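Colleague: The structure follows.
The values are calculated or read from the model by the stated rules, or taken from the named source; none is laboratory data. Computed from a prediction, not measured in an experiment: that's the story for all the values here. A quick note on method: Cβ atoms are made from the backbone with ideal geometry, for glycine too, and the neighbour counts reach across all protein chains shown.
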Amino acid sequence: MTQRIAVLGAGSWGTALANLLALKGVDVVLWSFEAAVAEAINQTRENTRYLSGIALAPALRATTDIAEATASAQVVVTVNPSQHTRRVLSAAAPHIARDALIISASKGIETTTLQTMDGVIRDVLPNLRTAYLSGPSFALEVAQQQPTAVTAASHSESAALETQHLFQAPYFRVYTSNDVTGVELGGALKNVIAVAAGMAAGLGLGHNARAALITRGLAEIARLGIALGADPITFMGLAGMGDLILTCTGDLSRNRTVGMALGQGKRLPEILAGMSMVAEGVETARAAHALANKVGIEMPIVEQVYQVLFEDLPAAVAVENLMLREPKPEQWR
């Protein structure tokens with residue numbers, strides 16, 4: 001029997017992953033919240049709103065009916081903005097098979113609960129097998145079949161291997177990991193550091209500043225991750241350093257774009273109003289700030305990004321605050 005996959009979320013990343021699977025010959029139904037997006041995919045074979053210029057596989061089907069998308073699906077891939085994942089999965093839950101594999105490709109921390117998607121999915125769909133796909137992967141480049149490597153993390157080795165097999169393609173290499181906490185936190189928190197890197201670029205700062213932000217940002221991510229039970233080695237891998245470098249330096253990064261606009265003096269409401277896609281780093285900054293305070297972890301870059309985003313601190317002052325902090329050792333044994 002042909003495996004049937006439901007992909008929930010027809011943004012750029014959800015569409016790219018659904019198309020990857022459809023090109024492999026998998027029976028894929030893509031659920032879209034927006035009727036116009038589903039109609040464009042079905043009629044023109046293109047997601048003109050979120051992935052313009054990419055010809056989609058003829059077999060890929062889109063729908064706005066979440067019951068139709070998930071009925072009889074052996075695998076459900078959720079690719080919604082992290083703050084909407086609970087709502088979307090709650091609507092889908094009555095239609096999802098009890099033996100289905102749930103794969104999350106969302107990167108974020110829910111602001112109301114401070115849970116990663118692992119916690120959200122376990123709340124909404126308890127006792128189902130889960131896996132989490134993360135790593136350095138711009139949707140457009142995956143859709144263009146440019147070489148990409150990511151990590152599939154799971155509490156279950158069989159679920160990780162099933163996810164690896166499902167997505168593995170000549171241009172899309174999938175590694176496995178059992179460190180769900182590390183992979184999820186790396187994927188979420190790098191977006192906040194990317195906002196900081198964008199701010200530095202917007203202020204006209206150079207490569208030295210960007211390198212410092214990436215390096216010290218990675219230290220902050222690892223500190224929080226280790227406090228929450230992650231394996232520190234994870235942050236040296238694809239879902240940690242790899243995704244951080246890509247998001248802090250790539251022109252396709254929405255979070256870096258937000259940061260650049262902030263560095264140029266624009267206000268957050270104005271920036272977000274001009275974007276068609278979600279920059280996860282904005283709400284993740286709020287959640288990361290609260291989570292760091294909750295567990296008592298020092299995250300100065302996250303703190304300054306939070307103040308710029310939500311307390312109207314000028315980006316130039318945030319950089320000055322970071323540079324004027326009390327001198328500390330990077331490592332001393």
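Colleague: I'd like the full set of residues that are touching a Leu at 6+ places or on another chain (Cβ under 7 Å), buried (at least 20 other Cβ atoms within 10 Å of the Cβ) and within 18 Å of Ser177 (Cα to Cα), limited to segment 105-130.
Modeller: Residues satisfying the conditions are Ala105, Thr116.
Colleague: Looking at Arg267, Arg216, can you tell me which residue is modelled with pLDDT under 95, among the charged types (D, E, K, R), out of contact with any strand residue (DSSP E or B) (no Cβ under 9 Å at 6 or more places or on another chain) and assigned by TED's automatic domain parsing to the domain that holds Val308?
Modeller: From the options Arg267, Arg216, the qualifying one is Arg267.
Colleague: For residues that are of a type outside the set (Gly, Ala, Ser), surrounded by 21 or more Cβ atoms within 10 Å (Cβ to Cβ) and without any contact (Cβ under 8 Å) to a residue 40 or more places away in the chain, tally how many sit in segment 1-30.
Modeller: Residues in segment 1-30 being of a type outside the set (Gly, Ala, Ser), surrounded by 21 or more Cβ atoms within 10 Å (Cβ to Cβ) and without any contact (Cβ under 8 Å) to a residue 40 or more places away in the chain: 2 in total.
Colleague: Is there any pair with a first residue in segment 266-283 that is in a loop (DSSP other than H, G, I, E, B) and a second that is β-branched (Val, Ile, Thr) whose Cβ atoms are under 9 Å apart and which are 6 or more apart or on different chains, and what are they?
Modeller: Qualifying pairs under 9 Å: Met275/Thr257; Met275/Val258; Ala279/Val195; Ala279/Thr257; Ala279/Val258; Ala279/Ile271.
Colleague: Sort through Asp27, Asp65 and tell me the only one that's in contact with a Lys or Arg (Cβ under 7 Å, 6 or more places away or on another chain), more than 19 Å from Gln145 (Cβ to Cβ) and in the same structural domain as Val174 (by TED's automatic domain parsing).
Modeller: Asp27
Colleague: Which condition breaks for Val317 when tested against (1) surrounded by fewer than 19 Cβ atoms within 10 Å (Cβ to Cβ); (2) among the β-branched types (Val, Ile, Thr); (3) under 17 Å from Leu224 (Cβ atoms)?
Modeller: Of (1) surrounded by fewer than 19 Cβ atoms within 10 Å (Cβ to Cβ); (2) among the β-branched types (Val, Ile, Thr); (3) under 17 Å from Leu224 (Cβ atoms), only one is false for Val317: (3).
Colleague: Against the definition (surrounded by fewer than 23 Cβ atoms within 10 Å (Cβ to Cβ) and either part of a helix (DSSP H, G or I) or in the same structural domain as Gly281 (by TED's automatic domain parsing) (or both)), how does Ala201 come out, yes or no?
Modeller: For Ala201, the condition - surrounded by fewer than 23 Cβ atoms within 10 Å (Cβ to Cβ) and either part of a helix (DSSP H, G or I) or in the same structural domain as Gly281 (by TED's automatic domain parsing) (or both) - is met.
Colleague: Scanning segment 99-132 for residues that are hydroxyl-bearing (Ser, Thr, Tyr) and within 15 Å of the chain's Cα centre (by Cα), which turns out nearest to Leu238 (Cα to Cα)?
Modeller: Ranking the qualifying residues of segment 99-132, first place goes to Tyr132.
Colleague: Given the conditions (1) without any contact (Cβ under 8 Å) to a residue 24 or more places away in the chain; (2) under 25 Å from the mean Cα position of the chain (by Cα); (3) assigned to a helix (DSSP H, G or I), and given that Asn321 satisfies all but one, which numbered condition is not satisfied?
Modeller: So Asn321 meets the others, but not (2).
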